[in-house]
Structure formats: C-alpha cells, structure tokens
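The values are calculated or read from the model by the stated rules, or taken from the named source; none is laboratory data. Every value quoted in this text rests on a predicted model; they were computed, and no experiment measured them. FYI the Cβ positions are ideal-geometry reconstructions off the backbone, even for glycines, and counts take in every protein chain you see. Accessible surface is based on the protein model in full, side chains and every heavy atom, while ligands, DNA and RNA are left aside. Shrake-Rupley method; radii C 1.70, N 1.55, O 1.52, S 1.80 Å.
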Amino acid sequence: HSVFEAVKSIAEEIRKKTNLTLDGAELVEKAFSISNPLIKINALQTETEQSEQKGFSNLIKGVFGMFRNPTAHSPKIVWTITEDEALDIMTTISLIHKKMNKNSH
C-alpha cells in the first residue's frame, strides 16, 4: 500500500508543478517533453542533456507501469513484494522526487 501511495505522489507532484490534469504516460510525456517542457531537469541545451530528460521521463513511465498500474488493478493478494523490494522502490521514488525538485527550472 505504501509503495502504491508513493508512486501516486509522483504524478501528484508533476500535476502540482505543471497544472496539468492528465495522468500516466500522457502526463509524463507532456510535462517532460523536449520541445516544450513544463519541467526541465537540466538546461536541455546538449544532446546529452536532452537524452537525460528523455531517460528521466522513461524512468517515471516505467515506475508507473511496474508499480502503480499493477497495484491499482490487482487485488493485494496477487501483488506481493518483499520488504527489500519495497525499500528499493521507495529509494527510486525518492530519487525521482529529488531530481524534480532540485533541477526543475
């Protein structure tokens, strides 16, 4: 349950920063687009910086796909994770929040 709530907090943070009402991949793609970004994690001036922005967007979409969608659509009994896995997921979610808050321009 705490993993599900933590993953949902990513989308909520993106919505708060962008005033978008979208969800999931659509939200992430609009917020972190290269051509018209609403959130930048760097200056987006070089190919490397643009690649990092795309990778960050893909990381968030991957977290949604792996940890939010299964928990939203499956009974608790079907989706079980160990404490170690939960801590790893929480660490990844923490990294995403730190990157969004530290580097957003």
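Just one of the numbered conditions (1) open to solvent by 40 Å² or more (accessible area, probe 1.4 Å); (2) outside any helix (DSSP H, G or I); (3) at pLDDT 95 or above is not true of His105; which one?
(3)
Would you call Ser35 within 19 Å of Leu95 (Cα to Cα) and open to solvent by 40 Å² or more (accessible area, probe 1.4 Å)?
no
Residues of the stretch 7-28 being free of Cβ contacts under 8 Å to residues at least 60 places away in the same chain and not acidic (Asp, Glu), which ones?
Those that are free of Cβ contacts under 8 Å to residues at least 60 places away in the same chain and not acidic (Asp, Glu): Ala11, Arg15, Lys16, Thr18, Asn19, Leu20, Thr21, Leu22, Gly24, Ala25, Leu27, Val28.
Of everything in the stretch 1-19, what is open to solvent by 70 Å² or more (accessible area, probe 1.4 Å) and closer than 12 Å to Phe64 by Cβ? Give them in sequence order.
Lys8
Are any residues in the stretch 49-66 of a type in the set (Val, Ile, Thr) and within 16 Å of Lys30 (Cα to Cα), and if so, which ones? Quick ask: steps written out before the conclusion?
Our first condition is that a residue be of a type in the set (Val, Ile, Thr); within the stretch 49-66, this holds for 60, 63.
Across the stretch 49-66, the qualifying residue is only Ile60.
Looking at (1) modelled with pLDDT of 95 or more; (2) assigned to a helix (DSSP H, G or I), find the lone condition where Pro37 falls short.
Checking Pro37 against (1) modelled with pLDDT of 95 or more; (2) assigned to a helix (DSSP H, G or I), the one that fails is (2).
Taking the condition of being open to solvent by 30 Å² or more (accessible area, probe 1.4 Å) and part of a helix (DSSP H, G or I), how many residues in the stretch 20-32 meet it?
Going through the stretch 20-32 one residue at a time, the tally reaches 4.
Only one of Arg15, Arg68 is among the basic types (Lys, Arg) and at pLDDT below 95. Can you tell me which?
Step by step, each of Arg15, Arg68 is checked, and only Arg68 is among the basic types (Lys, Arg) and at pLDDT below 95.
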